[in-house]
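One structure is given here, and the rest of the page talks about it.
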Amino acid sequence: MYETLALVGATGAVGRIVLEQLAQRELPFKRLKLLASARSVGKEVHFRGETIKVELLEPGAFKDIDLVIASTPDEVSAEFASWAVDAGSVVVDESGYWRMDPKVPLVVPEVNPDAVDHHHGIIASPNCSTTQMVVALAPLHRAARVRRVVVSTYQATSGAGLAGNEELNDSIRSALVGQTHPPKTFQHPIGFNLIPQIGSEKHEGYTSEEMKMVYETRKILGDEEMQICPTCVRVPVASGHSESILVETERPLSIEEAKELLGQGEGITIVDDLSNGKYPMPRDCDGKDDVFIGRIRKDISGGNGIAFWCVSDNLRKGAATNAVQIAELMIKRSAMKTS
Ligand code: 2RA
């Protein structure tokens, strides 16, 4: 049982879903404190029949807080996390700032639950595009070792927060009347368009979002030799990231075995019946916590390859749900004490 839980970034796109999850799931805690930047201070949030006022995120805000769930931009996390840890809180952080720090476990509860025990006050939750992919890769990797992954993503505008979805709506409305809404959140108009850039240029022609998929996947699966070639694309869909994934394994997998492994994988729902037009689509996965997989088939171009299609609600399993699951996992493993 947590005494007091603080939610940092409570009014953002992910923070709102964390609140929903806290209301619906069984995470035991007595009091909830909401923290945000000056812009949101004083806003009222209704939670389990109570009205809670958002307070200022400042150094003294973490006194007597056991657990912090935070969804903020990287630079905010860089500053506040030490305030929280110095006050004795444990932080489950959804920003990108701490993920690759060797002292910070990067955790997806279905994949590497043991990692949560080795924290020093901060536990990171991965980027949304990584999270759904590692949930899918984990059962294949355990059984047959994944050597190589080629992945193309189709990422929803909500990945860029509330502003991303506003821009999608504005861009579509403008396009329907023959106008162009000037893009601010994305590099180009997103209505009726695809943008093959998420994040900034990072490494040998790959973007920061793509390199997150490489580095974070290796860290979570504990395999620095895994070769991963990602292409991340923003699509005009409000909610749900989709991924086309080709996996090459060290030990050849029959298609039957691959289907069985994926079907038994924790947190995975299979929707795979091409002849009846059944496969996962973002609109069907909206508001759900699982990772959905379909179109499972052998790589007909040769090698030990399995290809499949993977969809997940990016704000849920890709962010809020994973963070709340980490908090639940810590209770299960009694890992609240820093090591
Ligand atoms: C995006 N993955 O979709 C990012 C959000 N963390 O923009």
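Below is a table of values for the structure above.
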| quantity | calculated |
| --- | --- |
| Of residues in the stretch 219-230 being surrounded by fewer than 18 Cβ atoms within 10 Å (Cβ to Cβ) and either within 14 Å of the ligand (Cβ to nearest atom) or charged (D, E, K, R) (or both), the one farthest from P113 (Cα to Cα) | E225 |
| Checklist (1) on the phi < 0 side of the Ramachandran plot; (2) in contact with a Pro (Cβ under 7 Å, 6 or more places away or on another chain) applied to G240, failing item | (1) |
| Hits in the stretch 137-163 (condition: within 12 Å of the ligand (Cβ to nearest atom), assigned to a helix (DSSP H, G or I) and either over 23 Å from V92 (Cβ atoms) or in contact with a Cys (Cβ under 7 Å, 6 or more places away or on another chain) (or both)) | T157, G159, A163 |
| Residue check, G199 within 15 Å of the ligand (Cβ to nearest atom) and in contact with a Lys or Arg (Cβ under 9 Å, 6 or more places away or on another chain) | yes |
| Matching residues in the stretch 24-58 - criterion: being surrounded by 13 or more Cβ atoms within 10 Å (Cβ to Cβ) and part of a helix (DSSP H, G or I) | S40 |
| P183 being within 15 Å of the ligand (Cβ to nearest atom), closer than 27 Å to F292 by Cα and either assigned by TED's automatic domain parsing to the domain that holds D289 or not hydrophobic (A, V, I, L, M, F, W, C) (or both) | no |
| Verdict on V177 being more than 14 Å from the ligand (Cβ to nearest atom) and touching a residue at least 24 places away in the same chain (Cβ under 8 Å) | no |
| Considering residues of the stretch 188-198 that are touching a residue at least 40 places away in the same chain (Cβ under 8 Å) and out of contact with any strand residue (DSSP E or B) (no Cβ under 7 Å at 6 or more places or on another chain) only, the residue surrounded by the most Cβ atoms within 10 Å (Cβ to Cβ) | G191 |
| Subset of the stretch 1-11 [surrounded by 21 or more Cβ atoms within 10 Å (Cβ to Cβ) and either of a type outside the set (A, V, I, L, M, F, W, C) or on the phi > 0 side of the Ramachandran plot (or both)] | G9 |
| Every pair of residues 6+ apart whose Cβ atoms lie under 9 Å, when the first sits in the stretch 199-216 and is on the phi > 0 side of the Ramachandran plot while the second is not small (G, A, S) and not in a strand (DSSP E or B) | G199/E209; G199/E210; G199/M211; G199/K212 |
| Selected residue [within 23 Å of the chain's Cα centre (by Cα), at positive phi and of a type in the set (D, E, K, R)] from R295, R316, R234, R283 | R295 |
| Qualifying position, being within 16 Å of the ligand (Cβ to nearest atom), part of a strand (DSSP E or B) and crowded, with 19+ Cβ neighbours inside 10 Å, among V108, V134, V92 | V92 |
| Count - residues of the stretch 121-130 that are over 17 Å from Q227 (Cα atoms) and either touching a Pro at 6+ places or on another chain (Cβ under 7 Å) or outside any loop (DSSP other than H, G, I, E, B) (or both) | 4 |
| Close pairs (9 angstrom Cβ cut-off, 6 or more residues apart or separate chains): farther than 20 Å from I172 by Cα in the stretch 230-242, away from the ligand (no atom under 11 Å from the Cβ) and assigned to a loop (DSSP other than H, G, I, E, B) anywhere | T231/P196; C232/P196; S242/P280; S242/M281 |
| Hey, V247 within 16 Å of the ligand (Cβ to nearest atom), under 21 Å from the mean Cα position of the chain (by Cα) and in contact (Cβ under 8 Å) with a residue 12 or more places away in the chain or not | no |
| Unmet requirement for K103, which otherwise passes all of (1) assigned to a strand (DSSP E or B); (2) in the same structural domain as F62 (by TED's automatic domain parsing) | (1) |
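The values are calculated or read from the model by the stated rules, or taken from the named source; none is laboratory data. From a predicted model like this one, the values you see are computed outputs, not experimental measurements. Using ideal geometry, Cβ is built from the backbone for each residue, glycine included, and neighbour counts are taken over all protein chains shown.
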